[in-house]
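Only one structure is covered here, and it is reproduced in the block below.
Nothing in this text is a laboratory measurement; each read-out follows from the coordinates by a stated rule. This structure is a prediction, so every number in the text was calculated from the model and none was measured. Methodologically, a virtual Cβ is constructed for each residue, glycine included, from the backbone with ideal geometry; neighbour enumeration extends over all protein chains shown.
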Amino acid sequence: MKFSIELPPKDPLWRLKIYSSIIEKLGFSAIWTSEHYYNRSSAVSCVAIGQVTSRIQICVGILNPYMVHPALIAQIAATLSEMYPGRISIGVGAGDKLTLENLGIQQREPLKKVEETVNILKKLLSGKRLNEFIRLDFRSWGKIPIYIAAQGQNMLKLAARIADGVLINFTGLENTQKAVATVRDCLNASNKAADQFSTEVTVMVSVSEDRSKAIKTIMPYTAILALGIGESHLEQFGLDSRRIEKLKYFTKTGNWQEVQNIVPEDLVNALSISGTPIEVYSRLMELLRMPIDGVVFGGPLGPNPRKALAHLWDIVSRHMS
């Protein structure tokens, strides 16, 4: 079982380096970045992570073909592999609809786009030309695993069919269990060996001895995820159309104080694993009953990330002992 940490590059790079060093020393398997135009570059952040680590896997993503051409994604991955051989993975997906809207980009044919992207990556990273003109004039150092971030049934099936791994967004135990089952069924149908594919769940986490602070810290992250899933999901938690529009506006403008005033705690509990260390341990054990290969702890981690990392490693250690 792999336990990894997602570090959104929202903090200064010097702080990202401190967190990365701590994560490796604690014993986590990998560090994932995330790509949002309002944060620091995920690719540059991976360079910084590699400067202060020597063992841990460095995973760049999640990149999408609407904002970054697949040839440039291949270029990024291959360049990073030259700096940190054997330690680089790449994650691709259809992108966050809300973020794409902010940039005036329409998310057309996401399934087709992601499939094309993975196929282009495989070709370019193996040293082949895409066509007469598109190629890389240098080779990647070793194999670079390609993950697909997936949530819908068709994207999950695509990941199982063409990728090296899948990152499933945790959207509650029941939904996640169904997603894992879809991936497993597709792998079995294609006779893909278990060691050829990694099924991992990305779960937003906020852990603190102060439960109220843990919940408040993760509310903006919950809003972004919930709006990406769809408004019907929000209506299940008592948010009418007027409040949903307000939540969308405040999320898009980055007014997190107002977001915290709107997001109900039930929504936080449904889309994340948050609270005290005991609560997080209890809910994580439910997730680990599923046939998965790894968990990526994402989101804010907690109101104090350094303390949260210590809490999370203690929780992981209890599971492994």
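Quick rundown of the values:
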item: Some residue of segment 33-53 being over 20 Å from Asp96 (Cα atoms), in contact (Cβ under 8 Å) with a residue 24 or more places away in the chain and either of a type in the set (D, E, K, R) or assigned to a loop (DSSP other than H, G, I, E, B) (or both); result: yes
item: Given (1) of a type in the set (Val, Ile, Thr); (2) more than 19 Å from Gly91 (Cα to Cα); (3) surrounded by fewer than 20 Cβ atoms within 10 Å (Cβ to Cβ), number of the condition Ile23 does not satisfy; result: (3)
item: Filter result for Arg40 (crowded, with 16+ Cβ neighbours inside 10 Å and either closer than 17 Å to Thr79 by Cβ or charged (D, E, K, R) (or both)); result: yes
item: In segment 126-151, the residues that are more than 15 Å from Gly165 (Cβ to Cβ) and of a type in the set (A, V, I, L, M, F, W, C); result: Leu130, Phe133, Ile134, Leu136, Phe138, Trp141
item: When residues of segment 77-98 are limited to those that are surrounded by fewer than 22 Cβ atoms within 10 Å (Cβ to Cβ) and in contact (Cβ under 8 Å) with a residue 60 or more places away in the chain, the one farthest from Leu136 (Cα to Cα); result: Leu98
